[in-house]
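Contents: one structure, followed by commentary.
The values are calculated or read from the model by the stated rules, or taken from the named source; none is laboratory data. The structure presented is a predicted model; accordingly, all values stated were derived computationally and were not measured. For neighbour counting, all protein chains shown are included, and Cβ atoms are generated from backbone atoms with ideal geometry for every residue, glycine included.
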Ligand SMILES: Nc1ncnc2c1ncn2[C@@H]1O[C@H](COP(=O)(O)OP(=O)(O)O)[C@@H](O)[C@H]1O
Ligand SMILES: [Mg+2]
């Protein structure tokens, strides 16, 4: 199956780029340039072709190009791409959508093949991508939120409907708390809890399916990346049962916990408490106790497993992989193994680094560009 591959990318008023258009073939891409050259900005632009805030996780207005000294962005940014996928090539575009008075807010627009579509749902249904950035090096050490987002990002790459389910669950959870605080109508609380139960059970089970899929693909091809054993922990046992039975149990639990949740000021039970627990099989230790390098290798292993699982699934195709500063962390044998795995999966990986020599092992399997002065030049 044709892996997802960017063939053309155009950035307008996006961070350091006033305007940039370039074409690539379907092979993996490596971007080489000094610090601050604009490599990560390109990966970020691609990451915004999926729902959410992209790989920097900043507010969407932050990505609008500002000149030095300016505090207000002047023009909305836009990213457009032609992407090949399992169902053929498509044009996809997204950008900030100004308010009627011209102000830039977090509102964004998207279009697929020239037709306007809601960014939150249409993007996940069209383009599949997964990223790994240096900021994620501390993923196993920090709070569960980051690990949950990582798990949800992987899940979204398998199940495009996941984003919508997660949003429904979040909204219902917030609404229930507000109703509890305001002493809201009982029927209304019942109805909101029914929504929470339906979306919560769907959410928990979609994540569990991701864990299952990864399990099947976690044994690495080369042994260069450690095997991780993953489990999803948290306070949501009742929602693990799929279908009506799980929903009924979750509803019952929510009804019973109203007072406790009100006193705590937040919902204490449900899949929003989930955490991704990863164990380094070779070391027999939780990821957080492993060395920085081992943690990075575990993460790479998880992302490769997800890509492999997708490439192998029936209707699936390898997702775009955005691997920022990936080569710097790895010794030469592991770098070689990474390139081999990417080639074996057939994914178009976008990698960045400060030195072209880091990517010498790619040979003809990849295409490289120097990023200088806001332009891309083939290596
Ligand atoms: N909103 C913005 N408007 C203009 N320039 C920006 C904006 N945000 C970041 N930059 C610039 O982008 C550059 C960083 O680009 P980046 O892609 O992170 O570099 P690297 O090649 O090191 O990955 C910096 O020079 C920074 O000043
Ligand atoms: Mg960078």
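Summary of computed values
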{"read-out": "Hits in region 49-103 - residues which are in contact with a helix residue (DSSP H, G or I) (Cβ under 6 Å, 6 or more places away or on another chain) and within 16 Å of ligand 2 (Cβ to nearest atom)", "value": "54, 55, 56"}
{"read-out": "Index of the failed condition, residue 316 passing every other in (1) within 16 Å of ligand 2 (Cβ to nearest atom); (2) in a loop (DSSP other than H, G, I, E, B)", "value": "(1)"}
{"read-out": "Residues within region 6-45 that are free of Cβ contacts under 8 Å to residues at least 60 places away in the same chain and part of a loop (DSSP other than H, G, I, E, B), tallied", "value": "1"}
{"read-out": "Condition check for residue 150: surrounded by 16 or more Cβ atoms within 10 Å (Cβ to Cβ), farther than 30 Å from residue 89 by Cα and in contact with a strand residue (DSSP E or B) (Cβ under 8 Å, 6 or more places away or on another chain)", "value": "no"}
{"read-out": "Contacts under 7 angstrom Cβ, first residue in region 183-206 being surrounded by fewer than 14 Cβ atoms within 10 Å (Cβ to Cβ), partner modelled with pLDDT of 95 or more, 6 or more apart", "value": "188/179"}
{"read-out": "Subset of region 108-126 (residues that are out of contact with any helix residue (DSSP H, G or I) (no Cβ under 9 Å at 6 or more places or on another chain) and buried (at least 16 other Cβ atoms within 10 Å of the Cβ))", "value": "119, 122, 126"}
{"read-out": "From 309, 344, 357, residue being without any contact (Cβ under 8 Å) to a residue 12 or more places away in the chain and assigned to a helix (DSSP H, G or I)", "value": "357"}
{"read-out": "Candidate set: region 309-348, residues that are within 16 Å of ligand 1 (Cβ to nearest atom) and touching a strand residue (DSSP E or B) at 6+ places or on another chain (Cβ under 9 Å); chosen: the one nearest to residue 26 (Cα to Cα)", "value": "322"}
{"read-out": "Condition met for residue 175 (free of Cβ contacts under 8 Å to residues at least 60 places away in the same chain, in contact with a helix residue (DSSP H, G or I) (Cβ under 9 Å, 6 or more places away or on another chain) and over 23 Å from residue 75 (Cβ atoms))", "value": "yes"}
{"read-out": "Residue within region 11-25 that is more than 12 Å from ligand 1 (Cβ to nearest atom) and within 20 Å of the chain's Cα centre (by Cα) present", "value": "no"}
{"read-out": "Subset of region 91-106 [in a loop (DSSP other than H, G, I, E, B) and either touching a residue at least 24 places away in the same chain (Cβ under 8 Å) or in contact with a strand residue (DSSP E or B) (Cβ under 7 Å, 6 or more places away or on another chain) (or both)]", "value": "97, 104, 105, 106"}
